[in-house]
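What follows is a short report on a single structure.
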Amino acid sequence: MSQPTIESILQEKRLFNPPPAFSQQATIKTLEEYEQLYQRAQADPQTFWAELAQKELHWFEKWHTVLDWQPPFAQWFVGGKLNISYNCLDRHLLTWRRNKAALIWEGEPGDSRTYTYAQLHREVCQFANGLKQLGVQKGDVVGIYMPMIPEAAIAMLACARIGAPHTVVFGGFSAEALRDRLNDGKAKLVITADGGWRKDAIVPLKAQVDNALANGAVPSIEQVLVVARTQQPIEMQPGRDHWWHDLRQGVSADCPAEPMDSEAMLFILYTSGSTGKPKGVVHTTGGYNLYTHMTMKWVFDIQDTDVYWCTADVGWITGHSYIVYGPLSNGATSLMYEGAPRASNPGCFWDVIEKYGVNTFYTAPTAIRAFIRMGEHLPKARDLSSLRLLGTVGEPINPEAWMWYYRVIGNEQCPIVDTWWQTETGGHMLTPLPGAIATKPGSATRPFPGIIADVVDLAGNTVPAGEGGYLVIKHPWPGMMRTVYGDPDRFRRSYWEHIPPIDGQAVYFAGDGARKDEDGYFWVMGRVDDVISVSGHRLGTMEIESALVSHAAVAEAAVVGRPDEVKGEDIVAFVTLEGNYTPSEELIKTLKQHVVNEIGALARPSEIRFSDALPKTRSGKIMRRLLRSLASGEEVSGDTSTLEDRSVLDKLREGS
Ligand code: WT7
């Protein structure tokens with residue numbers, strides 16, 4: 001773990017108060033109200049969460065224990081029974097929301113569909129019965145490898161309804177990556193589509209599933225369920241593969257939601273860490289339902305009249321929590337978009353906002369920086385006056401991008417919620433409540449009620465205001481991950497052992513450096529481990545290294561992130577070759593493609609540099625700090641005295 005760097009002392013002084021018109025209609029209207037909630041939650045977290053769980057969710061049976069905390073293993077609402085699909089659908093059918101739009105879908109090229117709560121409920125019930133017909137039972141893990149179409153959300157809710165944990169694999173991952181995840185989760189069935197649209201091209205999802213499953217490579221998979229989307233020809237393996245449109249004929253739409261234990265696994269979602277193998281982050285039913293519900297309600301200040309749009313893919317936690325579960329649990333209207341800005345349609349996001357009168361827009365800093373490049377004329381040519389709230393997530397937002405977002409997209413009328421959280425946290429952790437907390441460009445501001453956050457040194461001591469340290473959470477919260485699937489020991493090692501217990505309390509640390517200013521605002525500085533963020537996608541450098549060394553030509557590889565104006569970071573790989581290979585342009589191409597095949601296009605290195613040796617310490621550790629400096633063309637500074645062979649550094653410098 002490297003020390004977080006403090007690039008500069010706090011320079012950003014601008015402060016934006018919540019617009020009075022916004023605060024007046026907001027659920028949490030004032031700073032005092034936020035502080036009261038915060039203090040109440042801090043003083044007695046269990047009562048705080050229990051009251052909300054009682055008030056905000058439907059339970060088939062009430063819990064007997066609010067929190068069972070055996071660090072680092074937490075159980076919330078133990079003994080309670082509920083179903084998140086019931087909370088997202090059925091309970092709204094008893095109200096006027098029955099005929100309210102639950103999901104608005106804008107597809108490519110130009111398709112669209114809207115599902116009311118009643119319609120979505122029917123689709124989910126039928127899909128759930130379809131899964132049952134294929135032999136899926138409570139507790140079976142189901143893989144979902146889908147484009148951004150309503151069936152992706154329907155499949156998730158259908159799994160939840162029958163108590164089959166889902167594991168969604170982002171459609172941009174390769175067949176190899178899909179295979180590893182399905183195997184790790186021991187998935188019994190995988191749901192996919194014939195293809196999906198991505199930037200004017202078709203992604204052959206079903207063909208990738210075929211590759212992943214070829215030669216019995218995923219022995220647990222018995223069936224494949226295929227949704228028709230792009231209509232290109234695909235192969236269907238008799239007995240294994242089933243079209244959803246065939247199966248649904250004659251399948252009943254009556255499927256009561258299965259009462260699930262509060263701690264029943266809801267899903268596994270794989271994410272990168274600092275080792276080569278992605279971690280299966282496990283979330284369970286009750287705590288996750290409550291936490292995504294409450295953050296959706298207070299952070300997005302969701303109102304019944306809102307059209308809310310999160311641009312993430314359902315393959316990421318943002319899509320799970322804030323396209324599907326959080327919005328639907330609140331009875332909100334969630335917009336789902338299959339497209340992405342691209343050369344042939346750079347203004348498509350603004351068209352969607354205008355077309356549907358979107359009120360809340362939630363996207364990533366990398367997208368905002370790309371919009372800045374594309375030019376103000378694109379959003380200026382559309383009517384964006386419906387917007388009332390903007391959000392960002394995924395990486396630190398630079399103040400210039402924040403200001404552009406505020407001015408050009410929000411017309412200086414919309415608060416911006418910069419939400420810091422992670423796959424592991426389930427929902428927002430540090431974030432403004434938009435009617436209550438004044439914002440500063442680049443700061444995720446303050447912790448959500450119930451979240452005890454701090455910035456500490458390696459010994460667990462709080463660092464003084466303005467100084468860099470490690471961002472930790474000091475008390476369990478309902479939305480926290482429960483374990484790493486199949487590897488509780490890795491859960492403990494990865495998150496709970498870097499920082500020692502503070503005042504006898506185990507603390508959660510998941511890899512970010514941060515500082516706190518005099519007003520108690522948090523400024524997240526980014527990862528301090530070997531995880532990089534490329535266009536908001538989290539990637540472990542070790543994962544890319546493992547992909548590279550799995551190629552016959554590669555002896556050793558070291559991957560680092562290099563700062564990039566739009567993507568945040570891009571990927572630079574230093575590679576040493578096996579004796580019988582020589583560097584060439586051709587080999588660079590081959591190796592880049594190899595990484596794409598192993599992980600997916602999101603992991604394609606921008607640059608591969610060959611070298612005779614990599615800089616290592618005497619104990620054999622690759623000195624990434626040096627490589628990072630080399631990659632970004634900086635002077636190599638700092639201590640190099642532990643470097644084993646100084647000539648390596650000189651050669652690398654000459655080579656670059
Ligand atoms: C990592 C988690 C959680 C949804 C998307 C990413 C970085 C996330 C922010 C933010 C600064 C942020 C952190 C975090 N991150 N949001 N608002 N400000 N950094 O989920 O893939 O699990 O990645 O994203 O480094 O650890 P994820």
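The values are calculated or read from the model by the stated rules, or taken from the named source; none is laboratory data. All values derive from a computational prediction rather than experimental measurement. Note that each Cβ is placed from the backbone with ideal geometry, even for glycine, and that neighbours are counted across all protein chains shown. We work out accessible area using only protein heavy atoms, side chains counted, and drop any ligands, DNA or RNA first. Shrake-Rupley method; radii C 1.70, N 1.55, O 1.52, S 1.80 Å.
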Practice problem: Kindly indicate whether ILE499 is at pLDDT 95 or above, open to solvent by less than 10 Å² (accessible area, probe 1.4 Å), out of contact with any Asp or Glu (no Cβ under 7 Å at 6 or more places or on another chain) and away from the ligand (no atom under 14 Å from the Cβ). | Solution: yes
Quiz item: VAL463 versus (1) touching a Gly at 6+ places or on another chain (Cβ under 9 Å); (2) more than 30 Å from THR167 (Cβ to Cβ); (3) open to solvent by less than 20 Å² (accessible area, probe 1.4 Å): which is the lone unmet condition?
Solution: (3)
Quiz item: Residue check, GLY526 against (1) open to solvent by 10 Å² or more (accessible area, probe 1.4 Å); (2) without any contact (Cβ under 8 Å) to a residue 40 or more places away in the chain; (3) in a strand (DSSP E or B); (4) among the small types (Gly, Ala, Ser), all met but one. Which one?
Solution: (2)
Quiz item: Taking the stretch 408-436 as the search range and keeping residues that are over 19 Å from PRO327 (Cβ atoms) and more than 14 Å from the ligand (Cβ to nearest atom), which one is surrounded by the most Cβ atoms within 10 Å (Cβ to Cβ)?
Solution: ALA436
Quiz item: Residue check: is ARG609 away from the ligand (no atom under 16 Å from the Cβ), touching a residue at least 24 places away in the same chain (Cβ under 8 Å), in a strand (DSSP E or B) and under 22 Å from ILE397 (Cα atoms)?
Solution: no
Quiz item: Residues in the stretch 104-122: is at least one open to solvent by 50 Å² or more (accessible area, probe 1.4 Å) and within 21 Å of PRO256 (Cβ to Cβ)?
Solution: yes
Quiz item: Is it the case that PRO478 is away from the ligand (no atom under 16 Å from the Cβ), in contact (Cβ under 8 Å) with a residue 24 or more places away in the chain and crowded, with 24+ Cβ neighbours inside 10 Å?
Solution: yes
Quiz item: Of the residues LYS100, LYS132, LYS62, which is exposed (fewer than 15 other Cβ atoms within 10 Å of the Cβ) and more than 27 Å from the chain's Cα centre (by Cα)?
Solution: LYS62
Exercise. Go through the stretch 24-37 and count every residue that is in contact with a Ser or Thr (Cβ under 7 Å, 6 or more places away or on another chain) and open to solvent by less than 30 Å² (accessible area, probe 1.4 Å).
Key: 0
Quiz item: Taking the stated definitions as given, is ALA444 of a type outside the set (D, E, K, R), within 24 Å of the chain's Cα centre (by Cα) and within 12 Å of the ligand (Cβ to nearest atom)?
Solution: yes
Self-check item: Residues that are under 26 Å from PHE371 (Cβ atoms) and among the basic types (Lys, Arg), drawn from the stretch 407-450
Solution: ARG407, LYS440
Quiz item: Does TRP404 satisfy the criteria of being among the aromatic types (Phe, Trp, Tyr), within 16 Å of the ligand (Cβ to nearest atom) and in contact with a Phe, Trp or Tyr (Cβ under 9 Å, 6 or more places away or on another chain)?
Solution: no
Exercise. Evaluate the stretch 377-389: report whether one residue or more is within 16 Å of the ligand (Cβ to nearest atom), of a type outside the set (D, E, K, R), open to solvent by 20 Å² or more (accessible area, probe 1.4 Å) and under 28 Å from LEU471 (Cα atoms).
Key: no
Practice problem: Could you tell me whether any residue of the stretch 503-513 is aliphatic (A, V, I, L, M), touching a helix residue (DSSP H, G or I) at 6+ places or on another chain (Cβ under 8 Å), within 16 Å of the ligand (Cβ to nearest atom) and not in a loop (DSSP other than H, G, I, E, B)? | Solution: yes
Quiz item: Does SER550 satisfy the condition of being away from the ligand (no atom under 16 Å from the Cβ), open to solvent by 10 Å² or more (accessible area, probe 1.4 Å) and in contact with a His (Cβ under 8 Å, 6 or more places away or on another chain)?
Solution: yes
Exercise. Might you check whether a residue that is among the aliphatic types (A, V, I, L, M), outside any strand (DSSP E or B) and within 16 Å of VAL218 (Cβ to Cβ) occurs anywhere in the stretch 141-163?
Key: yes
Quiz item: Just wondering, is there one or more residues in the stretch 567-583 that are open to solvent by less than 10 Å² (accessible area, probe 1.4 Å), in contact (Cβ under 8 Å) with a residue 60 or more places away in the chain and in a loop (DSSP other than H, G, I, E, B)?
Solution: no
